[in-house]
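Some notes on the structure that comes next.
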Amino acid sequence: MYDYRKMTLQQKREAVQYRRLRDRPWHSPPHWEFLGQRQFIISATCYEHKPVIGLTPERTAECEAGLLDMCAQFAQTTYAWCVLPNHYHLLLQTDRLAELRAEIGNFHGRSSFKWNGEDECRGRHVWYRCFDREIKSQRHFWATLNYIHHNPVLHGYVRTWQDWPWSSAAIFLERVGRERALKIWRKYPILDYGKKWDGD
């Protein structure tokens, strides 16, 4: 995510030229236009992975509530979510992706203003954009769901899924049962899912 900063001036020019010629945003992940109901993973991180969301449990809960309110408004189904100290993931189905993206932008703006005021850090860069990725298959869907629920364990915050309070993991385990959840985990492993973009 931050490789651009390490490039030489010539490498930066070439990277921007490459994206410009392909009609992609110059310095951010592309947002494709989709029609109809589709499933997506949507993720966003704090700038430089600083733990602004997780400064207090109340703030993490506030972020979770704001994201779920957006999902209730713009998604037909929210399958999974996880809010961590410096990023979040959502797995949902929507036919209003453009509207959801816009509302996420508004949410990032509102939360940045509020949290910067609370922390006396006016002007601080809180968020580093968000990206959406369409779910391509049943395997992709279940691996994504496993990845989202496993994220707090992956980052060392807790030992088990259900120990993390700002996630849908406990609800999922209650709904499908431990035995079925284990079968899904084994059948659809996360392997190196997220390795290149979900690092601290």
*In the range 85-118, the residues that are among the acidic types (Asp, Glu) and either at pLDDT 95 or above or within 17 Å of residue 131 (Cβ to Cβ) (or both)*: 99, 103, 118
*Looking only at the range 119-164, count how many residues are farther than 14 Å from residue 43 by Cβ, among the aromatic types (Phe, Trp, Tyr) and touching a residue at least 40 places away in the same chain (Cβ under 8 Å).*
4
*Go through the range 42-58 residue by residue and tally those that are buried (at least 17 other Cβ atoms within 10 Å of the Cβ), in contact with a strand residue (DSSP E or B) (Cβ under 8 Å, 6 or more places away or on another chain) and modelled with pLDDT of 95 or more.*
7
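Just checking, how many residues over the range 76-92 are out of contact with any Pro (no Cβ under 7 Å at 6 or more places or on another chain) and farther than 21 Å from residue 174 by Cβ?
So in the range 76-92, the residues out of contact with any Pro (no Cβ under 7 Å at 6 or more places or on another chain) come out as 76-81, 83, 87-92.
Those left that are additionally farther than 21 Å from residue 174 by Cβ: 76, 87-88.
Within the range 76-92, residues that are out of contact with any Pro (no Cβ under 7 Å at 6 or more places or on another chain) and farther than 21 Å from residue 174 by Cβ number 3.
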*Specify the residue that is nearest to the chain's Cα centre (by Cα); the eligible residues are those in the range 56-96 that are within 18 Å of residue 163 (Cα to Cα) and hydroxyl-bearing (Ser, Thr, Tyr).*
88
*asked:* Residues that are surrounded by 13 or more Cβ atoms within 10 Å (Cβ to Cβ), within 14 Å of the chain's Cα centre (by Cα), modelled with pLDDT under 95 and not polar (S, T, N, Q): does the range 189-196 have at least one?
replied: yes
*Residue that is nearest to residue 84 (Cα to Cα) [pool: residues in the range 155-179 that are of a type in the set (A, V, I, L, M) and loosely packed, with under 14 Cβ neighbours inside 10 Å]*: 171
*How many residues are touching a residue at least 40 places away in the same chain (Cβ under 8 Å), surrounded by 18 or more Cβ atoms within 10 Å (Cβ to Cβ) and more than 21 Å from residue 194 (Cα to Cα) if we restrict to the range 67-103?*
3
*Given (1) under 27 Å from residue 191 (Cβ atoms); (2) of a type in the set (D, E, K, R); (3) crowded, with 16+ Cβ neighbours inside 10 Å, where does residue 139 come up short, assuming only one miss?*
(3)
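The values are calculated or read from the model by the stated rules, or taken from the named source; none is laboratory data. What you see is a predicted model; the values in this text were computed from it and never measured. With ideal geometry, Cβ positions are generated from the backbone for all residues, glycine too; neighbour counts draw on all protein chains shown.
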